[in-house]
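Encoded as structure tokens, the structure appears first; notes follow it.
Readers should treat all values here as calculations from the given coordinates under stated rules, not as data from a laboratory. In this text, all values refer to a predicted model and were calculated from it rather than measured experimentally. Cβ atoms come from the backbone with ideal geometry, glycine included; neighbour counts cover every protein chain shown.
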Amino acid sequence: MHKNVQSLSPLANKIVDKSIDNITRKLVVGGRNRSKSRPSAKSVDIKVEISDLLKASNTANAIDIAKRTTDWREVITKSFSHGVSSLSTIKFDSEFTIAGGEAKDLKFVHDGPGVYVVYDKAGNAVYVGDAERVSKRWVAGHLNEYKQKAKLGQPYKLAGQIEEGCIVKVLHTDSKETAAAIEANLIANHKNELINNKDELKNTQGTRSNIEAKKMKERLNSAKGLVEGAVREIGEQSVLAAIEGLLASAIKHLKLELVDLFKGGDAKLAERVQRFFQAIIQDVKNLKTNLKEMLKGVFDAVIGLISQTISQVYNLARNIFDLAANAYNIYKNKDKMSTEEVLNKTVETIVISGSLALWSSLDVAIEGLIFPFTGVFTGIVAGIISAIGFGITSHLLSKFVPSLVKFILGFGVSHQIALEERKASFMLLVDSYNINEQLYGASQTLLQSELRVAEKIRALEVNFTKPSTKIRVIEKRDFLSQLDGFENE
């Protein structure tokens, strides 16, 4: 922060910064996931573009992004384990038969997302489809449509196979996006053999699942293409995460200048503009903001490739990244801080990470509650509400959690304090020993001096006790008479 620049209170600053982070993230998500409502338009309608952006700026789309790498992981896995690139290599997980217009054992068929292939009596693949729920698609879809058209005397596309008998083989998938991508790829590679030879996922418009499936479909022809596609997806996530971090940082720099301006700061406009751009340039130079965000994007993507469960909570990976980064900083600087400071920093990290996880998970519920009242602005308003909740929660928790942690871990803290006190006592003993050693040296010198004086005294005593020594006794009267003689002179 610049010197002499007015700022908000710590709590208000925390809430505003978190609001900036939330809104920036959702707008970037909206930019990535928005569906173009006017794909063939030759002119730009700003109002429509903004509306499309705001509609897509929500948590559901953010979850789609986090889930994206999980879909890539499954497509790669299926490519190697089930040979999904071609009908000649594909391995299925289950199957059922149809004869006389009725399905046999359909109730035992996979009722989740998957791809199904219809084989006629001769064993030729004639139809490829996908569904979010395979058994429901056949009961409420194909078989029901066949019966309705039969009553009306109208032909149905699979009437011959359903009447003569056929086998339906099913490939199970974890998501409808994966199923749609595999189906589209199989149809594209076997157009001349199938009843349904329409090119699926040709355009980028439609639902999110179709948009995601199209990206995977285009790279489904080889294992090399799949791996390359996954790497590109991770790269895209990391770069856009970096842009998100840089945008948030720029808005925070702008906030700093606006707060200072409204609070009566005396800096001139030119100085403010210069400070603002210098701060942004510095961010880019030292990668202070966007490198960290880029690493978050990579971490998020890798977590998505490893774990489907974690990737479902769209920003949990980023919270884990922040927690790990903060913990590492505490560990790195622990020798420069007292026990009390290390404890407080640790508690602060836990409180902030806990508050982040709490309010990030509530984001979806908040959007659902306020949607009827906020419309296309739902994602933005929810982001601000969750930022306020995060700020207040972390502020309140930081007031009493440290004392609670000290109380719970009292033995450990007391032990550490006692250890430090013993260390201090030991140092005092060392100092005392050094002082005593100095006193011992001085005492030794004094003793040697006294011994020399004693020797001289003994020598004098010897001289006085010799028999040849004559001592003249002077009477008092003689001494006084001598003094009188001196005075008369």
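Using only the alpha carbon atoms of region 60-126, find the Kirkwood hydrodynamic radius as the inverse mean reciprocal pair distance, in angstroms to one decimal.
Values: mean 1/r = 0.0688 Å⁻¹.
That comes to 14.5 Å for region 60-126.
Neighbour counting of Cβ atoms within 10 Å sorts the residues SER57, SER238, SER7, fewest neighbours leading, into SER7, SER238, SER57.
Dipole of region 77-207 computed with +1 at Lys/Arg Cβ and -1 at Asp/Glu Cβ about the Cα centre; of PRO155, VAL139, ILE167, farthest Cα towards the positive end is PRO155.
Under 5 Å from the amide H of THR173 lie the amide H atoms of GLY114, VAL115, each residue being 5 or more positions distant or on a separate chain, with H modelled from the backbone and absent for Pro and chain starts.
What per residue convex hull volume, in Å³, do the alpha-carbon atoms of region 20-109 yield? Present the calculation step by step, with values, prior to reporting the outcome.
Details: hull volume 19.1 nm³, N = 90.
Hull volume normalised by residue count: 212 Å³.
For ASN434 and GLU193, the difference between the fully extended length at 0.36 nm per residue and the C-alpha to C-alpha distance is 77.0 nm. A dipole drawn for region 5-107 from +1 and -1 charges on Cβ atoms has a positive end, and of SER94, SER51, THR69 the residue lying farthest that way is SER51. When only Cα pairs below 8 angstrom with a gap of at least 6 residues are kept, region 84-150 shows a relative contact order of 24 percent. Across the cross-link table entries LYS18/LYS67; LYS334/LYS423; LYS18/LYS399; LYS91/LYS176; LYS169/LYS191, which are compared at the Cα atoms, there are no separations over 26 Å. For region 120-160, chymotrypsin sites (Phe, Trp or Tyr not before Pro) meeting the loop criterion (DSSP other than H, G, I, E, B) and having at most 12 other Cβ atoms within 10 Å: none. For region 237-254, putting each phi into the Karplus relation 6.51 cos²θ - 1.76 cosθ + 1.60 with θ = phi - 60° gives couplings of 4, 5, 5, 5, 5, 5, 4, 4, x, 5, 4, 4, 5, 5, 5, 5, 5, 5 Hz, in residue order, rounded to whole numbers and with x for Gly and Pro. At q = 0.15, 0.17, 0.18, 0.28 Å⁻¹, what base-10 log of I(q)/I(0) does the Debye formula yield for region 114-173 when every alpha carbon is treated as an equal point scatterer in vacuo? Those come out to -0.44, -0.56, -0.63, -1.22, one per q.
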